[in-house]
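**Student:** Before anything else, here's the structure in question.
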Amino acid sequence: MSEQSGFSHGARTVLVIAAVIVVILGMKAAADIINSIALALVLAVSMTPILNWLIKKGVPRGIALLLVIILVVLVIMSLIIMVTVSMQNVIETLPTYQEQLQGIQDNLYSFLEDYGIDLGELKNAEFFSSENLIYIGAQIASSVVNILSSWFFMLLLVTYMLMEAIDFPAKVRKTLDIGRGMPDRLFHVSDSLRSYISMTVWLGAFNAIVMTVIMYVMGVDFAGLWGILTFIMSFIPYVGFVISLMPPTIMALLESGWTSALIIVGAFLIVNTLIDNVIKPRVMGEGLDLSPVVIMLSLFFWAWVLGPMGALLAIPMTIIVKGLILESSDDTVWIANLMMPLDSIPGDDPGEKASD
């Protein structure tokens, strides 16, 4: 009997692993649809507090919903116009930096050759040619347009999600008698998502505004575009900071030299250190209950499954999987615990037991 039960347990494990692989591959194949739905969910969750606040102030539900949708449309249209116009200006301006790029390239090659590093064919590859830069800029602009083209579909999803969000808590509470576990987890995951998204939006906006002002004062071209990039990249922990830092630093280097570039780097480091080590711990409360290594692995995993947009959605998707799937079963709750920092794992501290 024990052999049969052991075989059954092993067979079930194999089936679960196979099912997980099939689900992951299915998500990878349907990445475009999932990205649109996930982004709509993020927008809806971030707008729900504003909607609830308007309703509590006595604004009729229909009018409150209309006001929030108008706000979402204004924000999206502003982003579309700013990004589109800025990208067109970047593509048109890139050839004017060809001489500066060539000078930096020659100086870099000379510096490396002084230390005995032979670049060989790489030196003649002309990676910094204006043609290559225009091609790269065109590809970036094309990607931005493709992403923004799905905003209308997402706006419809956001509208219906916000309509559902008004009555969703009451619906969940009515199901508490059916099973307490899942409704409680739904509330917990919803609160975690709302806390993370709200914190990221406001801190990302603060970071973007401060850096945009600094870049504008420093005379960096397209400061508004780099500010938008800084805001978007704030949704990508650790890696996003590096990505948002590179374009304005390179632009400052081309326009004003190494001193301006180093000032931009220093400003990014100071502002991000202030946000990560001073402001964020105060407003974040208990945190995400995700260890740093899990956050990094989730970035790579969701970027592989959902493409570049998966990096932006990595933390919300991980919160959902951890809260609604892994914590819902005794067989997988240990995985959810391993994803958390030691201080956040429920139960007694082994170190305290040992000391006792």
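The values are calculated or read from the model by the stated rules, or taken from the named source; none is laboratory data. For clarity, every value in this text was computed on a predicted model and none was experimentally measured. We place every Cβ from the backbone using ideal geometry, glycine too, and count neighbours over all the protein chains shown.
**Student:** Between a residue in the stretch 86-99 that is farther than 14 Å from Leu229 by Cβ and any residue that is modelled with pLDDT of 75 or more, which pairs come within a Cβ distance under 9 Å, given they are 6 or more apart or on different chains?
**Tutor:** Correct list of pairs: Asn89/Asp221; Asn89/Phe222; Asn89/Leu225; Thr93/Asp221; Thr93/Phe222; Tyr97/Met251; Tyr97/Leu254; Tyr97/Glu255.
**Student:** Another question, if that's okay. With crowded, with 20+ Cβ neighbours inside 10 Å and either assigned to a loop (DSSP other than H, G, I, E, B) or touching a Pro at 6+ places or on another chain (Cβ under 6 Å) (or both) as the only criterion, which of Met211, Met215 stands out?
**Tutor:** Met215
**Student:** Assuming Ile178 fulfils every condition listed in (1) assigned to a helix (DSSP H, G or I); (2) modelled with pLDDT under 80 apart from one, which condition is it?
**Tutor:** (1)
**Student:** Here is a follow-up. Considering only the stretch 231-248, state which residues are surrounded by 20 or more Cβ atoms within 10 Å (Cβ to Cβ), assigned to a helix (DSSP H, G or I) and out of contact with any Phe, Trp or Tyr (no Cβ under 8 Å at 6 or more places or on another chain).
**Tutor:** Phe231, Gly240
**Student:** Residues in the stretch 301-327 that are farther than 16 Å from Ser192 by Cα and in contact with a Gly (Cβ under 9 Å, 6 or more places away or on another chain): how many?
**Tutor:** The qualifying residues number 6.
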